[in-house]
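J.: This is the structure, below, for whatever I ask next.
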Amino acid sequence: MSTSHSAWQTRPKTACLVFADGTVIYGYGVGSVGEALGEICFNTSITGYQEILTDPSYAGQIIAFTFPHVGNVGTNGEDIETVNMAGTSGVRGCILKADITEPSNYRNEKHLDAWLKSRDIIGISGIDTRSLTGEIRDKGFINAVIAHNEKGEFDLEALKAKAAAWDGLEGADLAKEVTCTQSYKWDEKVWEWDKGFAKQEHPNYKVVAIDYGAKRNILRCLATAGCDVKVVPANTPAKDILAENPDGVFLSNGPGDPAATGEYAVAIVKEILEHNIPVFGICLGHQILSLACGAKTVKMHQGHHGANHPVKDLTTGKVEITSMNHGFAVDEASLPETLEQTHVSLFDGTNCGIMHKEKPAFSVQYHPEASPGPQDSYYLFKRFVHLMQSQPA
């Protein structure tokens, strides 16, 4: 026991976190070698690390997992959320409490460490994530550089200067970095036990999905709900979207400051709303729709990141356990008369959903395609379909 403890104490540190205020924390490198600059946020999920690490909404961020054991189910080709399977993930890096757990799951295809390397994600383990989470709760998001060097050699002054000079995510339009470059069709439905992914062969409604950083499972849920989905880049002109003669328009999730993305996205959504086409938005899509209707967004102190967030649907009185990932929120006080608040967070009372009083449009701040409930929020896709059904021919 004493020999093992001594070996653990003398194990060389091969990674470090350097905060914008000059704080340095050492640990053990995992994944890719190099440096990555980003905003540290903590995620409270106890499962789904692969989906989290491939969610385009995390572009520009370094994720600190509060769950201490990560890696136990390994990784596979089915649990990836980025549409571009060969591309790198939006996330800048990850922070772990313990060494990566050896995989023990029948669906495992690759060890998490090897998978991180293959996607060029830099990680650090051996960090007191409980203490780091407390720091973020007290002081808010932390801008930092995560560095991994197998020799444990770091130019700390250069890293400190790099972290201090970064402007952060406020004012950053990251949707343009993760959106698709050309339109494409989507027909894959949600995963079924022992069957995998089926194809939507008999869609009933034509939906154009504007991609601000769309997750694969959102597109699957739309297809499963009976939608013929065409995904288009974030800056696609409204006239091109309307030329598709869609039954509905979906506004996807995505990263960065919604006000920055809104410099081009808001005008597009405003024009779509003028044609009374049903609109459904999720996360960044919710914020863009709200901005298009005259509301404002604000940067949150620590954001909402996890799969255990209770949200109340004010239209039904029901409470959903939801998955969330956002560092900006719609300011409830800024909601115009044309918008009704439909959902609120039971953690802090922030806005989590709106419905237009005069147009067939609604949106939510959380992720109904995720399954922490496990299917508490799937009704929203059915609500979107019902909205398309109810429109006059």
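Values in this text are rule-based calculations from the coordinates and carry no lab data. Small disclaimer: the values here were computed from a predicted structure and weren't measured. With ideal geometry, Cβ positions are generated from the backbone for all residues, glycine too; neighbour counts draw on all protein chains shown.
J.: So how far, in whole Å, is the C-alpha centre of segment 103-178 from the one of segment 243-261?
T.: Cα centroid of segment 103-178 versus Cα centroid of segment 243-261: 28 Å apart.
J.: Let me ask something else. Taking the simple approach of a point 7 Å from Cα along Cα-to-Cβ for both HIS386 and VAL298, what is their distance in nm?
T.: 3.2
J.: Still on this structure, I have one more. Find out how many positive minus negative residues lie around PRO56, taking Lys and Arg as positive, Asp and Glu as negative, among other residues whose Cβ is under 12 Å from that of PRO56.
T.: On the way: positive: LYS176, LYS215, ARG216; negative: GLU51, ASP55, GLU81, GLU177, ASP211.
Summing Lys/Arg as +1 and Asp/Glu as -1 gives -2.
J.: Okay, next question. Using the Cβ atoms and a cut-off under 13 Å, what net charge is assigned to the surroundings of SER345, where Lys and Arg are +1 and Asp and Glu are -1? Please report the intermediate quantities before stating the final value.
T.: Numbers: positive: LYS312; negative: ASP313, GLU320, GLU332, ASP348.
Residues near SER345 contribute -3 overall.
J.: If you stretched the chain out fully between LEU346 and TRP166, how much longer would it get, using 0.36 nm times the residue separation minus the C-alpha to C-alpha distance? The partial results should precede the final answer.
T.: Details: separation 180, 0.36 × 180 = 64.80 nm, distance 3.30 nm.
Additional length available on full extension: 61.5 nm.
J.: Can you give the angle from 0 to 90° between the axis of helix 156-165 and the longest principal axis of the chain, with both taken from C-alpha atoms, to the nearest 10?
T.: Taking Cα atoms only, the helix is inclined about 20 degrees.
J.: Can you pull the one-decimal nm distance between simple spin-label points at VAL319 and GLU157, each 7 Å off the Cα toward Cβ?
T.: 5.5
J.: What net charge do the residues around ALA36 carry, taking every other residue with its C-beta under 10 Å from that of ALA36, with Lys and Arg at +1 and Asp and Glu at -1? Walk me through the numbers before you get to the answer.
T.: Values: positive: ARG92; negative: GLU35, ASP120.
The answer is -1.
J.: Relative contact order for the chain: what percent, with Cα pairs under 8 Å and sequence separation of 6 or more?
T.: Rounded, it is 14 percent for the chain.
J.: Same structure again: For the charge dipole of the chain, defined by +1 on Lys and Arg C-beta atoms and -1 on Asp and Glu C-beta atoms about the Cα centroid, which residue among THR181, GLN365, PHE384 has the Cα displaced farthest towards the positive pole?
T.: PHE384
J.: I'd like the projected area of segment 290-346, averaged over all directions, using the convex hull of its alpha carbons. Report it in nm² with one decimal. Intermediate values should be presented prior to the final figure.
T.: On the way: hull surface 16.8 nm².
Here the figure is 4.2 nm², rounded to one decimal.
J.: Mind telling me which of PHE280, PHE154, PHE362 comes out most flexible in a GNM of the chain, alpha-carbon contacts under 10 Å?
T.: Greatest mean-square fluctuation among the candidates belongs to PHE154.
J.: Quick one: work out Rg over Rh on the C-alpha atoms of segment 2-165, Rh as Kirkwood radius.
T.: Dividing the radius of gyration by the Kirkwood radius yields 0.96.
J.: Among (i) 0.99; (ii) 1.42; (iii) 1.48, only one was calculated for this model; which label is it, if the read-out is Cα Rg over 2.2 N^0.38 Å?
T.: (i)
J.: In percent, how large is the relative contact order of segment 2-165, given Cα pairs closer than 8 Å and 6 or more residues apart?
T.: Working: 377 pairs, mean separation 57.9, N = 164.
Relative contact order comes out at 35 percent.
J.: Please compute the volume of the convex hull spanned by the alpha-carbon atoms of segment 154-312 and report it per residue in Å³. Walk me through the numbers before you get to the answer.
T.: Numbers: hull volume 28.7 nm³, N = 159.
Here the figure is 181 Å³ per residue.
J.: So what is the calculated 222 nm ellipticity per residue for the chain, using -39500 (n - 2.57) for each DSSP H run with n of 4 or more, over all residues, to the nearest 500 deg cm²/dmol? Walk me through the numbers on the way to the answer.
T.: Values: 11 runs with 97 residues, N = 393.
Mean residue ellipticity, 222 nm, calculated: -7000 deg cm²/dmol.
J.: From the Cα gyration tensor of segment 245-328, with a ≥ b ≥ c the square roots of its eigenvalues, which class applies: rounded if a/c is under 1.5, or else prolate if a/b is larger than b/c, or else oblate? All intermediate terms of the calculation are to be shown ahead of the outcome.
T.: Numbers: a/c = 2.19, a/b = 1.34, b/c = 1.63.
In terms of gyration-tensor shape, oblate.
J.: Suppose R0 equals 25 Å. What FRET efficiency, 1/(1 + (r/R0)^6) with r the Cβ-Cβ distance, do LYS195 and THR47 give to the nearest 0.05? Numbers along the way, then the final one.
T.: Values: r = 21 Å, r/R0 = 0.83.
The pair LYS195/THR47 has a calculated efficiency of 0.75.
J.: What distance in nm lies between label points placed 7 Å from Cα along the C-beta direction at HIS69 and GLU274?
T.: Reported label-point gap for HIS69 and GLU274 is 5.8 nm.
J.: So for segment 175-389, averaging the separation of alpha carbon pairs under 8 Å that are six or more residues apart and normalising by length, what relative contact order in percent results? Each step should come with its number before you reach the end.
T.: Details: 502 pairs, mean separation 38.4, N = 215.
For segment 175-389, the relative contact order is 18 percent.
J.: Then there's this: Looking at the chain, identify the longest residue range that excludes and avoids all trypsin sites (Lys or Arg not before Pro) in DSSP loops having at most 10 other Cβ atoms within 10 Å.
T.: Details: sites that count: LYS151, LYS195.
Longest stretch, sites excluded: 196-393.
J.: Can you say what percent of the DSSP beta bridges in segment 2-165, counting only those with both residues inside, are antiparallel? Round to 5. It would help to have the intermediate numbers written out before the result.
T.: Values: 21 of 32 bridges.
Roughly 65 percent of the DSSP beta bridges within segment 2-165 come out antiparallel.
J.: Which whole-Hz ³J(HN,Hα) couplings does segment 116-125 yield from phi under the Karplus relation 6.51 cos²θ - 1.76 cosθ + 1.60, θ = phi - 60°, glycine and proline marked x?
T.: 3J(HN,Hα) across segment 116-125, in whole Hz: 4, 4, 5, 9, 6, 9, 8, x, 9, 10.
J.: While we're looking at this one, here's another question. May I ask you to derive the FRET efficiency for SER118 and THR338 from their Cβ-Cβ distance with R0 = 45 Å, giving the value to the nearest 0.05?
T.: 0.45
J.: For segment 382-392, just list the computed ³J(HN,Hα) in residue order, Karplus coefficients 6.51, -1.76 and 1.60, θ = phi - 60°, integers in Hz, with x standing in for Gly and Pro.
T.: Rounded to whole hertz, the list is 5, 5, 5, 4, 4, 5, 5, 5, 7, 6, x.
J.: Scan the chain and hand back the longest stretch that contains none of the GluC sites (Glu not before Pro) lying in DSSP loops with at most 16 other Cβ atoms within 10 Å. Intermediate results must be reported in sequence, preceding the final value.
T.: Working: sites that count: GLU78, GLU109, GLU150, GLU153, GLU170, GLU201, GLU244, GLU337, GLU358.
Here the longest run is 245-336.
J.: Moving on to the next point. How much of the DSSP beta bridge set in the chain is antiparallel, as a percent to the nearest 5? Don't skip to the answer; put the middle values down first.
T.: Numbers: 49 of 78 bridges.
That works out to approximately 65 percent antiparallel.
J.: Comparing PHE19, PHE42, PHE347, which has the greatest mean-square fluctuation in the GNM of the chain with Cα pairs linked when under 10 Å apart?
T.: Its mean-square fluctuation being the largest, the pick is PHE347.
J.: Under 10 Å, Cα contacts only: if you run a Gaussian network model on the chain, which one of VAL24, VAL266, VAL330 comes out with the highest mean-square fluctuation?
T.: For the chain, modelled as a Gaussian network with Cα springs under 10 Å, the answer is VAL24.
J.: Write down the percent of antiparallel bridges among all DSSP beta bridges whose residues are both part of segment 37-117, to the nearest 5.
T.: Working: 1 of 9 bridges.
Beta bridges within segment 37-117, antiparallel portion: roughly 10 percent.
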